[in-house]
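The values are calculated or read from the model by the stated rules, or taken from the named source; none is laboratory data. Everything numeric here is computed off the predicted structure, so don't read it as measured data. Reconstructed Cβ throughout: ideal geometry from the backbone, glycine too, with neighbour counts over all protein chains shown. In case anyone asks, the SASA skips ligands and DNA or RNA and just uses the protein heavy atoms, side chains included. Shrake-Rupley method; radii C 1.70, N 1.55, O 1.52, S 1.80 Å.
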Amino acid sequence: MIITKKALPRRTFLRGVGTTLALPLLDAMVPALTALAATPARPVRRLGFVYMPMGSHIKQWTPPGADSLAELSPSLQSLASVVAQPSGITNLELKNAYPGTHATSNAAFLSAAKAKWTESTDYHLGTTVDQIAARQLGRETRLPSLEMAMDLLTTVGQCDNGYACVYQNNLSWSSPTTPLPAEAHPRVVFERLFGDGGSAADRLAELRKNASLLDWVHEDIARLQKKLGPGDRTKVNQYLDTVREVERRIQKAEAETADNRLPDLDRPVGVPAAYADHARLMFDLQVLALQGDVTRVITFQLARETSTRTYPEIGVSEPHHPLTHNGGNPEKLAKVAQINAFHVSLFAYFLEKLRATREGNGSLLDHSVYLYGSGMGNPDVHDHVNLPILVAGGGAGRLKGGRHIKYAEPTPLANLHLTLLDKVGVRLDAFADSKGKIPELLEPLSL
């Protein structure tokens, strides 16, 4: 038997005209008789954030168990199939989100910083935790980070109590004065990940050709497959099947929109009409981005603060935001809890996809860390204490799930940000309102 140390580079791409397609981790990227952790193919760490607007019905959200998720609350029931991975964290706060607005809830969630009160372009916030991670984790990927959202509307001017709309529109800021716009159109996200879409006119012309990006790289695929063993060939085929399936769903949504004779000038081509279909497609794109190692840092806004979206698919026909100002009305509170549970079910779908995607000696979920939650606690009073927060993923062996962690005293959300940075290998002594060094005054949370 001949054993060779030669291996396929981890940063291997399939290339075609205007297209670059990254590959998932393959056995061929691991030199023979070499421990995975000692090779360039060792599991990489990913960090993601999913924002849920307008807090929660906290009594329906909070896990009943003192220290585990063995028993799930009504809002978290959909996590049952992946319950070993997430942890619920109770009694985190965002002091810098006060004076208690929707704009500051969104703005402080990843920055833990106080937004400057302004309606104009002299806005000022803080560098968000995802961008601190991207400076290190993004060095080896084509995209340092990916910013995604569900709302296509991007309003400008004043949005909430004298705060500029930029604070509600953007979760991610690369500097205190540089918000990073999020993309809600699946086609645009797909082309950003896997090819140069050009102008809007160019993209539409390309769509009319009804061509798959896989058609552009078929020669590279054929050459690559000759070099791989049976297991890797199967893995590549499964990955490419997933790429083509996402393409098919985008094209189907585009066709349905194009065939719709009703006036609908606000809906761009290619966005599924149903909220859940759109959200699942955006989560699937995240799986592809992580699997292909196109990026290792992702933020995703499930809806904007003050959203008036309705959810008829779960029987909630009233707009979300007015329901949150309920004065304790049991019927309205129950509908808020329904919306919370619906959003969590979409996150559970994503976690299941990550767990099913094998990579090296584990799965994408094993090698990722995702924070899910809101910058608002009780939306009826606009407070920022007892935030609804979940953390999921294995962090490449550095994170343990299935727990309910409840702090006796309100604890800064920034502490959690510091801890998650540490879990993905980014060391930072202080962040926003976490003042002082971690080993001394503010220990990282015991995750």
Inset, instruction - Would you work out what percent of the accessible area of the stretch 280-372, with all protein chains in place, is carbon or sulfur (probe 1.4 Å)? - result: 50 percent
Legend entry - Fully extended contour minus Cα-Cα distance, from Val381 to Arg427, at 0.36 nm per residue: 13.0 nm
Inset, instruction - Pop the C-beta distance of Thr234 and Leu143 into the FRET formula with R0 = 30 Å and round what comes out to the nearest 0.05. - result: 0.65
Inset, instruction - Under 1.5 on a/c is rounded, so check that first for the stretch 370-439, then, if it is not, pick prolate when a/b is larger than b/c and oblate when it is not; a ≥ b ≥ c are the square roots of the alpha carbon gyration tensor eigenvalues. - result: oblate
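Rounded, prolate or oblate: which fits the stretch 88-160 when a ≥ b ≥ c are the square roots of the eigenvalues of the alpha-carbon gyration tensor, with rounded for a/c under 1.5 and prolate only if a/b beats b/c? Walk me through the numbers on the way to the answer.
Working: a/c = 1.81, a/b = 1.30, b/c = 1.39.
Oblate shape, in that a/c is at least 1.5 and b/c is the bigger or equal ratio.
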Inset, instruction - Specify the inter-centroid distance of the stretch 73-109 and the stretch 381-407, based on alpha-carbon positions, in whole Å. - result: 8 Å
Legend entry - Zone residues, the stretch 405-429, relative to Lys95, backbone N less than 12 Å from point 7 Å out along Cα-to-Cβ: 410-415
Inset, instruction - Return the subset of Lys114/Lys400; Lys95/Lys353; Lys353/Lys406; Lys59/Lys335 for which the Cα-Cα distance in this structure is over 25 Å, preserving the input order. - result: Lys114/Lys400; Lys95/Lys353; Lys353/Lys406
Inset, instruction - Please calculate how many Å² of accessible area the stretch 316-389 carries per residue, with a 1.4 Å probe and no DNA, RNA or ligand atoms counted. - result: 32 Å²
Inset, instruction - Please compute the net charge surrounding Leu125, taking Lys and Arg as +1 and Asp and Glu as -1 over other residues with Cβ under 11 Å from its Cβ. - result: +2
Inset, instruction - Convert each backbone phi in the stretch 162-178 into a coupling constant with the Karplus relation 6.51 cos²θ - 1.76 cosθ + 1.60 (shift: θ = phi - 60°), then list the ³J(HN,Hα) values in order as whole Hz, x for Gly and Pro. - result: x, 9, 4, 4, 4, 6, 8, 7, 10, 7, 9, 10, 7, 7, x, 10, 10
Inset, instruction - Specify which residue in the list Ser307, Ala334, His417 is farthest towards the positive end of the charge dipole of the stretch 301-447, using unit charges on the beta carbon of Lys, Arg (+1) and Asp, Glu (-1), about the Cα centre. - result: His417
